[in-house]
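To keep things clear, I will list the structure first and then write my remarks on it.
The values are calculated or read from the model by the stated rules, or taken from the named source; none is laboratory data. Treat the numbers as computed from the prediction; the structure is a model and nothing was measured. For neighbour counting, all protein chains shown are included, and Cβ atoms are generated from backbone atoms with ideal geometry for every residue, glycine included.
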Ligand code: KDG
Ligand code: MG
């Protein structure tokens, strides 16, 4: 057996914060895991450093399923994003080690390639309709076959999803920025600009839109119905998924496909959404939902109900987490699409390797394991900087879902 010799938690901030777990075995094999939870980074770092790392030493690095259950059931307290992100980091690092020991890229260990490449969508946005159109044209130029479109809503300061510069980075202030929200303004404006996108660019690419949890179920039903002619690939998070039953109402009013899950962290959080076919795409991520081991089960469960994958892939999931997602996307039969936002340039100084992009698709690295190397020396130069996600307030000053 090749036992775990050490487990170190590394925090870096090459333009944005990332938490990475490094597991080293007695034989000297190193595995990397992503433990980044945007705006709550240090909670996961402490969970790993103070409560998980001491339990790993001396355990068999090859027993991934056993380790998952040991950490999940052994904690007694169930689920939640902090626990599931910490478990995910261990899981990813062990898959990385297993791939390196086997001399195979992780997707080969998961059953091999079920497709030739991973279809990805990226983001286009604008401060108004004109700049959205320019951004879509630029994104299409880069070969993307699927594009998420978001535009600032007139009169709503700080609308979700509008880029400032090359990337949309919502966690950008050392205390939460307060943004405003008007459901009426959004519902009046969003269907109009989405229709204009189709008028200008036609229907030969997938168009996606993120509602970001802002509507009630009935408002979401109205929105979904109002964009049916636009033929969205999906409307994302139309209402918060705390009450899975809410989606039944949305479903009964519109044929616009629904994607849910980026803030959820376990198979139980999506059990009814999937088994009652209330959604079309699952957006749980490898990083925030227990790693490759748990996500493989999530997607197998979803396969029974013809629900496809559509994993969350913003820049707040590190290149290690994104690489793990691409290996899984390659291997599962019910893959749908993968979010691919990209990273600020500095990130490539710390994380080397990973999937390659070509003509709308990502391809996993063929290097054994996850295929990512982490440069500890460079990473140490970028100190953690507290960054919070914004808070949304309605026009009357009350707090809304951000
Ligand atoms: O940290 C929050 C972001 O990951 C989230 O706002 C991004 O909604 C998002 C998306 O679909 O990428
Ligand atoms: Mg989203």
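Numbers below:
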read-out: Residue count for region 134-160, restricted to those that are surrounded by 20 or more Cβ atoms within 10 Å (Cβ to Cβ) and either farther than 23 Å from residue 316 by Cα or at pLDDT below 95 (or both); value: 3
read-out: Residue ID - farthest from the chain's Cα centre (by Cα), chosen from residues in region 194-215 that are part of a loop (DSSP other than H, G, I, E, B) and free of Cβ contacts under 8 Å to residues at least 24 places away in the same chain; value: 202
read-out: Candidate set: region 226-235, residues that are without any contact (Cβ under 8 Å) to a residue 60 or more places away in the chain and within 16 Å of ligand 2 (Cβ to nearest atom); chosen: the one surrounded by the most Cβ atoms within 10 Å (Cβ to Cβ); value: 235
read-out: Residues of region 330-367 classified as in a strand (DSSP E or B) and within 16 Å of ligand 2 (Cβ to nearest atom), total; value: 4
read-out: Test: residue in region 163-170 that is within 22 Å of the chain's Cα centre (by Cα), surrounded by fewer than 20 Cβ atoms within 10 Å (Cβ to Cβ), assigned by TED's automatic domain parsing to the domain that holds residue 215 and more than 16 Å from ligand 1 (Cβ to nearest atom); value: yes
read-out: Strands (runs of 3 or more DSSP E) wholly inside region 92-181 that include at least 2 residues being more than 16 Å from ligand 2 (Cβ to nearest atom); value: 118-126, 178-181
read-out: Any chance residue 81 is within 30 Å of residue 387 (Cα to Cα) and more than 16 Å from ligand 2 (Cβ to nearest atom); value: no
read-out: Pair list, Cβ under 6 Å, 6 or more apart: region 305-331 residue in the same structural domain as residue 168 (by TED's automatic domain parsing) and within 11 Å of residue 372 (Cβ to Cβ), other residue within 16 Å of ligand 1 (Cβ to nearest atom) and part of a loop (DSSP other than H, G, I, E, B); value: 318/36; 321/286; 321/287; 322/313; 324/286
read-out: Residue check for residue 223: at pLDDT 95 or above, in contact with a strand residue (DSSP E or B) (Cβ under 8 Å, 6 or more places away or on another chain) and within 16 Å of ligand 2 (Cβ to nearest atom); value: yes
read-out: Residues of region 294-309 that turn out to be more than 20 Å from residue 64 (Cβ to Cβ) and surrounded by fewer than 17 Cβ atoms within 10 Å (Cβ to Cβ), as a count; value: 4
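Quick grid of which residues meet (1) closer than 27 Å to residue 402 by Cβ; (2) in the same structural domain as residue 342 (by TED's automatic domain parsing):
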site	(1), (2)
87	yes, no
90	no, no
118	no, yes
123	yes, yes
129	yes, yes
137	no, yes
144	yes, yes
156	yes, yes
160	yes, yes
